[in-house]
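Novice: This is the structure I have questions about; it appears just below.
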Amino acid sequence: MVIEFLRFKIASQMREIYIQKDAEIWTTALAQYPGFLGKEVWLNPQDPTEIIFVVRWATKEQWQAIPPEELAAIEQKFAAALGDTYELVESAEYQQWLGEKVKGKG
């Protein structure tokens, strides 16, 4: 399994709408692709402008196989719904450790 870790800064008054639109647009779209295992939303209780998404993928190859033009179209739809109320501030990848090997590399 591979984790896609995303940290966003948003306008605090937009938090609920942001989470709703993300589920409607991004999560619904990603769920159509092979390898998508699920998505978690984490909120920082000390900072209402921070949202973290933990997206689980079966393999890195399946995650990276999504055509860039399709990701751009999803992002365009999301940006049209929310305007300039959010910023991606961190993006990272994590792989699951299972004893002597890293799972999710193939």
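Novice: Within the range 30-53, restricting attention to residues that are closer than 19 Å to G83 by Cα and either touching a helix residue (DSSP H, G or I) at 6+ places or on another chain (Cβ under 8 Å) or without any contact (Cβ under 8 Å) to a residue 40 or more places away in the chain (or both), which residue is surrounded by the fewest Cβ atoms within 10 Å (Cβ to Cβ)?
Specialist: It comes out as P48.
Novice: Let me ask something additional. Inspect the range 63-86 for any residue being at pLDDT 95 or above, of a type outside the set (D, E, K, R), out of contact with any Pro (no Cβ under 8 Å at 6 or more places or on another chain) and under 10 Å from V2 (Cα atoms) and give the result as yes or no.
Specialist: Yes, that holds for at least one residue.
Novice: Please go through (1) without any contact (Cβ under 8 Å) to a residue 60 or more places away in the chain; (2) loosely packed, with under 14 Cβ neighbours inside 10 Å; (3) not in a helix (DSSP H, G or I) for R56 and return the number of the only condition it doesn't satisfy.
Specialist: Checking R56 against (1) without any contact (Cβ under 8 Å) to a residue 60 or more places away in the chain; (2) loosely packed, with under 14 Cβ neighbours inside 10 Å; (3) not in a helix (DSSP H, G or I), the one that fails is (2).
Novice: Can you give me the number of residues within the range 1-25 that are modelled with pLDDT of 95 or more, under 27 Å from W97 (Cβ atoms) and either within 9 Å of the chain's Cα centre (by Cα) or not in a strand (DSSP E or B) (or both)?
Specialist: 4
The values are calculated or read from the model by the stated rules, or taken from the named source; none is laboratory data. Note that the structure is a prediction, hence the values are computed from the model and not measured. Ideal geometry is used to build each Cβ from the backbone, glycine not excepted, and the neighbour counts take in all protein chains shown.
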